[in-house]
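These notes are about the structure you will find just below.
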Amino acid sequence: MNTKNFKLIFLISFFLFFIFSGNDCASPEMEGAKLAIQQKNFPRAEENLKKELSKNPKNETAYFMLANIYVEQNRYDEFISIVNESKPTLNKHKSEIDNLVLKTWALLLNTGAKKMEENDYTSAVEFFKKSLVVNPDSEVTYRNLSIAYFGLNQKQEALSVLYNALEKHKSPEIVFDIAREHFNEAIKGGENSKSEYQEVKNIIEKSKEWNVYNKYDDDTKKTFDDILISSYFALGDTATVILMYEALLKKDPTNVIYALNHGVLLIKAEKLGEAEIQFENILKVDPNFLDAILALGEVNLKIGIKMKEVAKEKFEIASKKNKNAEMD
């Protein structure tokens, strides 16, 4: 719906409202406001309605008319302010004002989305900001605003919007958006790479605390697990990565990629016997998995070298004892 059509509907609904609420327009101020609106003299109408509300602060019709005037003039801060002010008194016209809020928010959101389709991200940002004034709890608006900022290559502003949204909505989509963007920055390298990996780790771990993680489908969980493992690894926390692979392999013991990576980390941790078992298990699932064959060869070589070193050490100790015994 474009702005012109919306305003046409606004005017028609406004006049229909007058027809069915004539009994509410008894005071000179209300009659003056009605006449001013018919003449499209909105400043005069606003003045009359404010006078009416100062005399009769429970006049629901006056609130509704004033709210409509603010929408007509794109004065959204004042619009939502008068809506909030009217709430304690609303009864008969509550649904009309609620619908006006919903329609105004939807118009601004849809217009912003259309601007994004036209690659006019600057205008999209402005419409989404206005939409958030009308409905500051709208998750979809926050996410669209962040996308518009990304379209302008304003990444910090986009992330700031997502973090603000996260304070209101611990939603899987917002967590995923934040984690993905930090990870994309991290893998570019550079001096901020480690801090970006740290942000990935923080947001995903928090998502588990909020029980958000369990709301993802299996594919998204796998993506999260992979980027979390990469983040821990980049931060040098291989012990945690090993534990994560162990947990993942309990859920999916036939995942040869997880098993291979787990085995390689076990080698680095000098847990050669465990690594050998891991590679042997992989080959039971896929006997032709070349990487596992090579890894098993490597770990057997290391075990052989280790055994040789141990044997040499034992031999040297025994020789030293024999030499000492002969000297005695």
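The values are calculated or read from the model by the stated rules, or taken from the named source; none is laboratory data. Every value quoted in this text rests on a predicted model; they were computed, and no experiment measured them. Cβ coordinates were reconstructed from backbone atoms using ideal geometry, including for glycine residues, and neighbour counts include every protein chain displayed. These area figures cover heavy atoms from the full protein model, side chains too; ligands, DNA and RNA do not enter into them. Shrake-Rupley method; radii C 1.70, N 1.55, O 1.52, S 1.80 Å.
Points to keep in mind about this one:
- For the pair N214 and N300, label points projected 7 Å from Cα toward Cβ lie 4.4 nm apart.
- Inverse of mean 1/r across different Cα pairs in the stretch 244-292, Kirkwood, Å: 10.5
- Beyond 32 Å in Cα-Cα separation lie the following of the pairs K188/K208; K129/K188; K115/K206: K115/K206.
- Full-extension gain in nm, K40 to N202, via 0.36 nm per residue minus C-alpha separation: 52.9 nm
- Divide the volume of the convex hull around the Cα atoms of the stretch 147-197 by the residue count and you get 77 Å³ per residue.
- Reach of K34 by Cα under 16 Å, taken over lysines that are not fewer than 8 positions away in the same chain: K50, K51
- Rounded to the nearest 10 degrees, the inclination of helix 60-72 to the longest alpha-carbon principal axis of the chain is 70 degrees.
- Each 5 Å bin from zero up to the one holding the largest Cα-Cα distance in the stretch 45-200 carries the following percent of pairs: 2, 9, 16, 16, 15, 11, 10, 8, 6, 4, 2, 2, 0, 0.
- Compared with the alpha-carbon gap, the fully stretched path from E274 to T240 is longer by 10.6 nm at 0.36 nm per residue.
- Mean accessible surface per residue for the stretch 158-204, computed with a 1.4 Å probe while every protein chain stays in place, in Å²: 46
- Cα gyration tensor category, rounded, prolate or oblate, for the stretch 143-227 with a/c compared to 1.5: oblate
- Modelled spin labels at A247 and D98, positioned 7 Å past Cα toward Cβ, are 4.2 nm from each other.
- Taking a ≥ b ≥ c as the square roots of the Cα gyration tensor eigenvalues, the stretch 125-284 comes out prolate, since a/c reaches at least 1.5 and a/b is larger than b/c.
- Rounded to 10°, Cα long-axis angle of helix 256-268 versus longest principal axis of the chain: 60
- Against the rule of thumb 2.2 N^0.38 Å, how large the Cα Rg of the chain comes out: 1.69
- Couplings for the stretch 92-98, taken from phi via the Karplus curve 6.51 cos²θ - 1.76 cosθ + 1.60 with θ = phi - 60°, read 5, 10, 4, 5, 5, 6, 4 Hz in order; Gly and Pro are left as x.
- Links that overshoot a 19 Å alpha carbon limit, given the list K114/K168; K170/K221; K222/K250: K114/K168
- Stokes-Einstein D in µm²/s, Kirkwood radius over Cα pairs - the stretch 76-141 at 25 °C with 0.890 mPa s viscosity: 197
- Charge sum, other residues only, whose C-beta stays under 12 Å from I303's C-beta, Lys/Arg counted +1 and Asp/Glu -1: -1
- Selected from T141, Y232, Q156, residue furthest toward positive end of dipole (the chain; charges at beta carbon): T141
- Modelled FRET efficiency - R0 45 Å, N184 with R75, Cβ distances, 0.05 increments: 0.70
- Counting only alpha carbon atoms, the long axis of helix 238-251 and the longest principal axis of the chain meet at about 80°.
- Remark: spin-label model distance N84-E31 equals 3.6 nm, labels positioned 7 Å along the Cα→Cβ axis.
- Expected 222 nm ellipticity per residue - DSSP helices of 4 or more, -39500 (n - 2.57), all of the chain, to 500: -26500 deg cm²/dmol
- Across the accessible surface of the chain, with the other protein chains kept in place and a 1.4 Å probe, carbon and sulfur atoms take up 53 percent.
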